[in-house]
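Undergrad: Let me begin by handing over the structure; questions about it come next.
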Amino acid sequence: MATENLVYDRPEGFTDTPTHYCPGCTHGVAHRLVAEVLEEMGVLEKTIGVAPVGCSVFAYNYFDTDFVEAPHGRAPAMATGVKRVMPDRIVFTYQGDGDLASIGMGEIVHAAARGENITVIFINNANFGMTGGQMAPTTLPGMKTTSSPNGRDVETQGYPIKVAEMLSTLDGVGYCVRRSLHDPKNIRLAKKAIRMAFETQSRGLGFSMVELLSTCPTNWGITPVNSLKFVEEHMVPFYPLGDYKISEAIKQIKV
Amino acid sequence: MPKELWKGNEAIAEAAVRAGLEAYFGYPITPQTEILEYLSRRMPELGRTFVQAESELGAINMVYGAACTGVRVMSSSSSPGMSLMMEGISYIAGTEVPAVLVNVMRGGPGLGNIAPAQGDYNQAVHGGGHGDYQPIVLAPASVQEAIDLTALSFDLAEKYRAICMVILDGCVGQMMEPAEMPEMKPVHRENWDWNTDAKMGKRERRVLSSIYIEPAEEEKMNLRVLNRWRTIEAKEVRYKEYFLDDAEIVVVGFGTAGRIALSAVREARTEGIKVGLLRPITVSPFPYEVIDQLTARADAFLVTEMNSGQMLEDVRLAVKGRVPVEFYGRLGGVVPFPDEILNEIHRMAKSKLSLDVHPRDAWLERMAHA
C-alpha cells in the first residue's frame with residue numbers, strides 16, 4: 001500500500017480564517033513564515049501580536065494567538081507597553097512601510113533605541129497598499145504611485161528611507177536584517193531570519209527586526225509574476241539584502 | 001496614616017503607587033513633570049514598570065498596550081501633551097480598556113504658558129478624541145483630594161472599562177499641603193475575561209481592537225458604551241456642597257476656581273448674604289440633576305472658572321433658563337483672587353439680574369467697563 005506523506009499543511013499558528021490579501025501579494029507568505037516559526041518554537045501560547053494600520057490591519061484575524069490592534073504607526077509603542085508588563089511573553093509587531101517608516105518613524109526608532117525586547121516584522125512593498133497605492137517613504141526614485149503620478153521626484157518628494165540600515169546604527173538593536181520574498185530560496189532565508197529574530201527576543205537579547213521586500217501587484221499594476229521580478233530587478237538592488245546588525249551573543253545561537 | 005506635607009504632583013504619583021499602579025509611561029512637560037520624576041525613582045524600587053517615552057504619542061500607546069494586558073496603568077501630562085494623546089485616548093475608549101490619565105492643565109491654546117488654567121475642560125469632558133465616547137473626569141481642589149481621587153480613578157476605570165481622567169491645574173499640582181496617604185495596596189492582577197495576556201494554555205485566543213468594520217457592529221459598540229455611560233451617570237456623580245441649605249445665590253466652580261470661590265462665599269456669609277457653593281468633583285458625569293434641583297430654590301447662579309466659560313454651558317443646560325446664570329472667569333493662566341468673586345456676589349445680591357443676556361456677553365461687557 002502506498003503511503004502518503006503530508007508535506008504542506010496549514011500551520012498551527014494560523015486560524016481557519018482565509019486572508020483578505022490580493023492575489024499574488026506576499027503578505028500571505030510573510031504571515032505563514034511567522035506562524036511556522038512561532039509553532040516550531042512552541043511559543044504560540046505565550047505570544048501577543050500587535051497589528052498595524054495598513055493592508056495587514058486584519059493580521060489579528062489570522063494568527064492563533066492573542067492580538068491587539070494599534071493606531072497607525074504606534075505598534076512599537078503599544079508592544080513596549082505589553083512587553084514591559086509581560087516580560088515572559090513573546091511580543092511582535094507586524095507593520096508595513098507606511099505604518100513603520102512614515103507615520104510611525106518616531107515609535108520604531110525609539111523602541112529600537114531603548115532595546116525593547118520585541119520582534120518587528122517589517123513589510124516593505126514600496127507603497128501605501130491599503131489606501132490604494134500612494135507614495136511611501138520606501139517608494140523607489142522614479143516609481144509611479146497614485147500620489148507621485150509622474151514618478152517619485154527626489155528633488156521635491158525626497159529620498160527613500162533604508163530602514164534596516166538606519167536602525168542597525170542603534171545600540172539597543174540586537175538583530176536587524178533585510179530579506180526578500182521574491183523566490184523560494186529567499187523565502188527560506190527569510191524564515192531563518194524570522195526564527196533568529198524571535199530567538200533574539202526569547203533570549204532577552206534586545207530589539208529584533210526583519211525587513212521583508214514584498215510585492216504589491218494590485219497597486220503596482222503588474223501581474224504577480226512580474227511583481228516578483230520587479231522585487232528582484234528593482235527593489236533588491238536599491239535595498240540590498242543582508243545582515244545589518246547581529247550582536248555577538250546572537251551569533252552564538254544555534255537553532 | 002499621619003498627615004505629611006505633600007506636593008500635589010508627587011502626592012498623585014504616590015497615591016497611584018499605593019493604588020497598585022503597575023506601569024507608568026510619561027513624557028516631561030511643565031507643570032506635571034514631578035509626577036514623572038517621582039515615579040522614575042519610585043517604580044523601579046518597587047520592581048514596577050517606568051518608561052520615559054519618546055513623546056506623548058509614544059506614552060499613550062504604551063499605556064494602551066499595557067492596559068490591554070489588564071494591569072493598572074497610568075500616564076500624566078499637561079495641556080499640549082494631552083492634545084497629542086487624544087488619538088490614543090480615542091483608541092483606548094474604542095477598545096474599552098481601563099486607563100488612568102492625569103492632566104495638570106496650563107494656559108493655552110498652543111504653547112500658551114505654564115501658569116494654572118482650566119481651559120481643557122471641554123477637551124476632557126466633551127471628548128477631544130474622535131468618535132463617540134465619554135471619559136470619567138475628576139477635578140480635585142486640594143492635595144488631599146488629588147490623592148483620594150487618584151486612588152478612586154483606578155477603581156472607576158476598571159469597574160467601567162473606561163478612561164478615568166484627573167484634571168487639575170498647576171496650583172494643585174505645585175502647592176504643598178498636609179495630606180494623608182492611603183495604605184499601600186499590593187499589586188494585584190485581576191482575572192479579567194477580556195485582557196490579552198496570552199493564552200498560556202488556559203483559554204481561547206483574545207483580540208482587543210477598536211475596529212468594527214461593519215457599521216451595524218460599530219453602532220452596537222457605540223450603544224454598549226453609551227449604556228455603560230448611563231450607569232456611570234446614575235451612580236458616580238460626585239460633588240461637594242457648602243452653605244447650600246438656604247442659599248439664594250449658588251456659586252458653581254470646580255478645582256482651584258471652586259476652592260477660591262469658597263473663600264469668597266465664606267466672606268459673603270459673614271456679611272449675611274445667603275450664598276452657597278457647589279463644587280463638582282466629577283465634571284464628567286456632570287451633576288446636572290443637583291443643579292436642576294437647586295434651580296427650584298435658588299434665585300441665581302454664578303459660575304466661576306479659569307477659562308472663558310466652558311463648564312458654564314453645562315450649568316446653563318441644567319438651569320434651562322429658569323433663573324439667571326452669571327459668569328466670572330479669568331483666563332490664560334491668570335488666577336482670580338477671592339475678592340474678585342466676592343465683588344460678583346455683592347453685585348448679584350444688590351442688582352436685578354437678567355435672563356435675556358448670555359452670561360459670557362454680560363461678563364465681557366462688565367470687564368470692558370472695569
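Undergrad: Hey, among A:Arg114, A:Arg84, A:Arg74, A:Arg89, which residue is among the basic types (Lys, Arg) and within 17 Å of the chain's Cα centre (by Cα)? Break it down into steps so the answer makes sense when it comes.
TA: On the way: A:Arg114 fails: within 17 Å of the chain's Cα centre (by Cα); A:Arg84 fails: within 17 Å of the chain's Cα centre (by Cα); A:Arg89 fails: within 17 Å of the chain's Cα centre (by Cα).
Answer to the selection: A:Arg74.
Undergrad: If you don't mind, another one. Just to be sure I understand, how many residues within segment B:108-137 are under 11 Å from the mean Cα position of the chain (by Cα) and within 17 Å of B:Glu305 (Cα to Cα)? Give the steps one after another, and end with the answer.
TA: Looking only at segment B:108-137, we keep the residues that are under 11 Å from the mean Cα position of the chain (by Cα), and these are B:118, B:120-125, B:135-137.
Then keep just the ones that are within 17 Å of B:Glu305 (Cα to Cα); that gives B:118, B:120-125, B:137.
Qualifying residue count for the region: 8.
Undergrad: Here's another thing I want to ask about it. Inside segment A:187-205, can you point out the residues that are out of contact with any Ser or Thr (no Cβ under 9 Å at 6 or more places or on another chain) and assigned to a loop (DSSP other than H, G, I, E, B)?
TA: Selection gives A:Arg203, A:Gly204.
Undergrad: Scan segment B:190-242 for residues that are aliphatic (A, V, I, L, M) and surrounded by fewer than 12 Cβ atoms within 10 Å (Cβ to Cβ) and report the count. Working first, answer last.
TA: Start the filter on segment B:190-242 by keeping residues that are aliphatic (A, V, I, L, M), which leaves B:198, B:200, B:207-208, B:211, B:213, B:216, B:221, B:223, B:225-226, B:232, B:234, B:237.
Within this subset, residues satisfying the condition of being surrounded by fewer than 12 Cβ atoms within 10 Å (Cβ to Cβ) are B:200, B:213, B:216, B:223, B:234.
Residues that pass the stated criteria total 5.
Undergrad: Here is a follow-up. Is it the case that segment A:10-28 has a residue that's basic (Lys, Arg) and more than 12 Å from chain B (Cβ to nearest Cβ)?
TA: Restricting attention to segment A:10-28, the residues satisfying the condition of being basic (Lys, Arg) are A:10.
Of the ones still in play, those that are also more than 12 Å from chain B (Cβ to nearest Cβ) are A:10.
For segment A:10-28, residues basic (Lys, Arg) and more than 12 Å from chain B (Cβ to nearest Cβ): present.
This table checks each residue for (1) surrounded by fewer than 19 Cβ atoms within 10 Å (Cβ to Cβ); (2) at pLDDT 95 or above; (3) not in a helix (DSSP H, G or I).
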{"site": "A:Gly151", "(1), (2), (3)": "yes, yes, yes"}
{"site": "A:Ala164", "(1), (2), (3)": "no, yes, no"}
{"site": "A:Thr169", "(1), (2), (3)": "yes, yes, yes"}
{"site": "A:Lys185", "(1), (2), (3)": "yes, yes, no"}
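Undergrad: Something else now. If I ask for residues that are assigned to a loop (DSSP other than H, G, I, E, B) and under 20 Å from A:Asp99 (Cβ atoms), which ones from segment A:1-57 would you list?
TA: So the first thing to find is which residues in segment A:1-57 are assigned to a loop (DSSP other than H, G, I, E, B), and the list is A:1-13, A:15-26, A:41-43, A:52-54.
Scanning segment A:1-57 gives A:Thr19, A:His20, A:Tyr21, A:Cys22, A:Cys25, A:Thr26, A:Pro52, A:Val53, A:Gly54.
Undergrad: Also, quick follow-up: Applying the selection to segment A:74-89, what residues are surrounded by fewer than 24 Cβ atoms within 10 Å (Cβ to Cβ) and more than 8 Å from chain B (Cβ to nearest Cβ)?
TA: Matches in segment A:74-89: A:Pro87, A:Asp88.
Undergrad: Follow-up. Note down all Cβ pairs under 7 Å where the first residue falls in segment B:198-209 and is at the interface with chain A (Cβ under 7 Å from one of its Cβ atoms), the second is of a type in the set (Phe, Trp, Tyr) and outside any loop (DSSP other than H, G, I, E, B), and they're at least six residues apart or on different chains.
TA: B:Val207/A:Tyr60; B:Val207/A:Phe67; B:Ser209/A:Tyr60
Undergrad: Then there's this: Residues that are in a loop (DSSP other than H, G, I, E, B), on the phi < 0 side of the Ramachandran plot and in contact with a helix residue (DSSP H, G or I) (Cβ under 7 Å, 6 or more places away or on another chain): does segment B:87-107 have at least one? Reasoning before the result, please.
TA: To start, the set of residues in segment B:87-107 that are in a loop (DSSP other than H, G, I, E, B) comprises B:96-98, B:107.
With the extra rule that they be on the phi < 0 side of the Ramachandran plot, the set shrinks to B:97-98, B:107.
Applying the additional criterion that residues be in contact with a helix residue (DSSP H, G or I) (Cβ under 7 Å, 6 or more places away or on another chain) yields B:97-98.
Scanning segment B:87-107, I find at least one residue that is in a loop (DSSP other than H, G, I, E, B), on the phi < 0 side of the Ramachandran plot and in contact with a helix residue (DSSP H, G or I) (Cβ under 7 Å, 6 or more places away or on another chain), so the answer is yes.
Undergrad: Next question. Do the conditions hold for A:Lys251, that is, is it more than 14 Å from the chain's Cα centre (by Cα) and over 23 Å from A:Ala79 (Cα atoms)? Spell out how you get there, then give the answer.
TA: Details: more than 14 Å from the chain's Cα centre (by Cα): yes; over 23 Å from A:Ala79 (Cα atoms): yes.
Yes.
Undergrad: When you scan segment B:53-67, do you find a residue that is charged (D, E, K, R), surrounded by fewer than 24 Cβ atoms within 10 Å (Cβ to Cβ) and over 27 Å from B:Met311 (Cα atoms), even just one?
TA: yes
Undergrad: How about segment B:272-370: which helices (runs of 4 or more DSSP H) wholly inside it have at least 2 residues that are among the charged types (D, E, K, R) and within 18 Å of B:Gln123 (Cα to Cα)? Walk me through it before giving the result.
TA: Details: elements: B:288-295, B:311-319, B:338-350, B:359-369.
The helices (runs of 4 or more DSSP H) meeting that bar are B:311-319.
Undergrad: Looking only at segment B:107-143, how many residues end up being under 15 Å from B:Ser284 (Cα atoms) and either surrounded by fewer than 17 Cβ atoms within 10 Å (Cβ to Cβ) or among the acidic types (Asp, Glu) (or both)?
TA: 4
Undergrad: Another one. On the given criteria, is A:Pro71 at the interface with chain B (Cβ under 8 Å from one of its Cβ atoms), modelled with pLDDT of 95 or more and buried (at least 24 other Cβ atoms within 10 Å of the Cβ)?
TA: Criteria met by A:Pro71.
Undergrad: Would you say B:Ile345 is within 25 Å of the chain's Cα centre (by Cα) and surrounded by 21 or more Cβ atoms within 10 Å (Cβ to Cβ)? Break it down stepwise before answering.
TA: Values: within 25 Å of the chain's Cα centre (by Cα): no; surrounded by 21 or more Cβ atoms within 10 Å (Cβ to Cβ): yes.
Criteria not met by B:Ile345.
Undergrad: Please state which of the following conditions B:His188 fails to meet, knowing it meets all the rest: (1) within 14 Å of chain A (Cβ to nearest Cβ); (2) touching a helix residue (DSSP H, G or I) at 6+ places or on another chain (Cβ under 9 Å); (3) farther than 24 Å from B:Glu218 by Cβ.
TA: (2)
Undergrad: Can I ask one more? Just name the residue that is farthest from the other protein chains (Cβ to nearest Cβ) out of those in segment A:37-57 that are under 21 Å from A:Ser214 (Cα atoms) and out of contact with any Phe, Trp or Tyr (no Cβ under 9 Å at 6 or more places or on another chain).
TA: A:Val53
The values are calculated or read from the model by the stated rules, or taken from the named source; none is laboratory data. Computed from a predicted structure; not experimentally measured. Ideal geometry is used to build each Cβ from the backbone, glycine not excepted, and the neighbour counts take in all protein chains shown.
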